[in-house]
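Report on one structure; see the data block that follows.
Readers should treat all values here as calculations from the given coordinates under stated rules, not as data from a laboratory. A quick note: this is a predicted structure, and the numbers were derived from the prediction, not measured.
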């Protein structure tokens, strides 16, 4: 072996092996980063779906609890329509004994084939939640029996499922109609 003072270094074979090992290490790191980004995106979509469902469910529940509010004792019905994917409620917010269809009658609906839950308070159906997969409304009388008659409804169970991709959020609540004429 010829060794001359001051001329130390690595051979070409050593450099190629070192570069190959570095490339493998970088590929593994990139793969882990990519899977982390995918998991983060999945989690973000799930949180967004949960937030949309929670906000929509809270709003629906609050307005259903107000349904039938009738300070003038004019005989206002709490629910006008009680369907599996649509509910129409009303309440006399200004106390004049007359329902103003642009403010005091509210419809929640999920149209067939759509993924937008809508709220219509007389000015057109406005979206309140996107990416909704399913809205299921079940109606019960004061004895807990299932009913489809809006005049007999005492409780409403709302199931709302949302999520654009695999991470779906499903939330359920049951709401008592406090102001319904059946009490």
Practice problem: Would you look at the GNM of the chain, springs on alpha carbons closer than 10 Å, and say which of 169, 74, 20 moves the most? | Solution: 20
Quiz item: the range 105-183: D in µm²/s via Stokes-Einstein (Kirkwood Rh, Cα pairs, 20 °C, 1.002 mPa s)?
Solution: 155 µm²/s
Quiz item: For residue 141 and residue 28 in one chain, what is 0.36 nm times their gap in residues minus the Cα-Cα distance, to one decimal in nm?
Solution: 34.6 nm
Practice problem: Take every Cα pair under 8 Å in the chain that's 6+ residues apart, average their separations, divide by the length, and report that relative contact order as a whole percent. | Solution: 22 percent
Practice problem: Could you tell me how many degrees, from 0 to 90 and to the nearest 10, lie between the Cα long axis of helix 12-66 and the main elongation axis, the longest principal axis, of the Cα atoms of the chain? | Solution: 10 degrees
Quiz prompt | Rg and Dmax [Cα atoms of the chain; Å; Rg one decimal, Dmax integer] | solution = 29.8, 110
Quiz item: Which of 25, 57, 117 moves most in a GNM of the chain, Cα contacts under 10 Å?
Solution: 25
